[in-house]
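*Asks:* To start, I am sharing the structure in question, which I have written as structure tokens.
Nothing in this text is a laboratory measurement; each read-out follows from the coordinates by a stated rule. Just so it is clear, the structure is predicted and the values come from calculations on it, not from any experiment. Because the Cβ atoms are built from the backbone with ideal geometry, glycine has one as well, and the counts that use them run over all protein chains shown.
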Amino acid sequence: MIVTISNQYGAGGWAVARIAAEALGYEFVERQLPVVVAQRLSIPLEAAEDDEMTYRSVGEQFLTGLELATPELAELSTTPTFDETMLHAVQDAVREYAAHGNVVIVGRGGGAILGRRPDVLRVYLYAPREGRIAFVVQHFGVDAKTAEKEIDRIDKGRAAYLREWYGITFGDPANYDLCIDTSALGEQQSAATIVDAVRARG
């Protein structure tokens, strides 16, 4: 099985995905994708990583940790846009990891890239705005105003990325197989729900 994780910023998606991957014994794919992108484009790994960093504001660079900025932020930046060459490299990287099976892929439009398939569980993680603000404040040590600004900016970027490149609406339940309010269940139970869904499919 392949699990793709899409999430609102501050909903704890990285942690939930990691816990689910460990429980399933699956490979957890998040930071590995730039490596494959670099290989496919014949560029240094640093360049592939920097491409993602390019789309991060000064404030977001401070908010590193559980959830990292992704290429979809390009549309909101004054820096060079996320072009089709990089898009295809990311798509190829996601498909390459998916071909291995038994993998949890975080972000990068994985669910949109792989689409509706019997061997893919497309998960969307969300939480109320107030809870996400509190999450970012707690985990990154910033004030509520900064957290709120980053949540709005990153969510808007993710929505723009999916709309622009895949023609789908970020957070629309029709685009996912499983939607979870992480504030209601918490990280452990949210992960357990994903594990149960995978086993039910399998």
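*Asks:* Percent of alpha carbon pairs in the range 108-188 separated by more than 16 Å?
*Replies:* 58
*Asks:* Using label points projected 7 Å from each Cα along Cα→Cβ, tell me how many nm separate ALA192 and HIS139, to one decimal.
*Replies:* 2.0
*Asks:* Using 0.36 nm per residue of separation minus the Cα-Cα distance, give me the extension gain between GLU164 and ASP181 in nm, one decimal.
*Replies:* 3.5 nm
*Asks:* Full extension from ALA200 to ASP92: what is 0.36 nm times the residue separation minus their Cα-Cα distance, to one decimal in nm?
*Replies:* Length gained, ALA200 through ASP92: 36.1 nm.
*Asks:* As an exercise, use a Förster radius of 22 Å and the Cβ-Cβ distance of ALA174 and GLU22 to find the FRET efficiency, rounded to the nearest 0.05.
*Replies:* 0.15
*Asks:* Whole-Hz ³J(HN,Hα) for each residue in the range 160-177, computed from phi via Karplus 6.51 cos²θ - 1.76 cosθ + 1.60 with θ = phi - 60°, x for glycine and proline: what do you get?
*Replies:* 5, 4, 5, 5, 5, 9, 10, x, 10, 9, 4, x, 6, x, 5, 8, 9, 9
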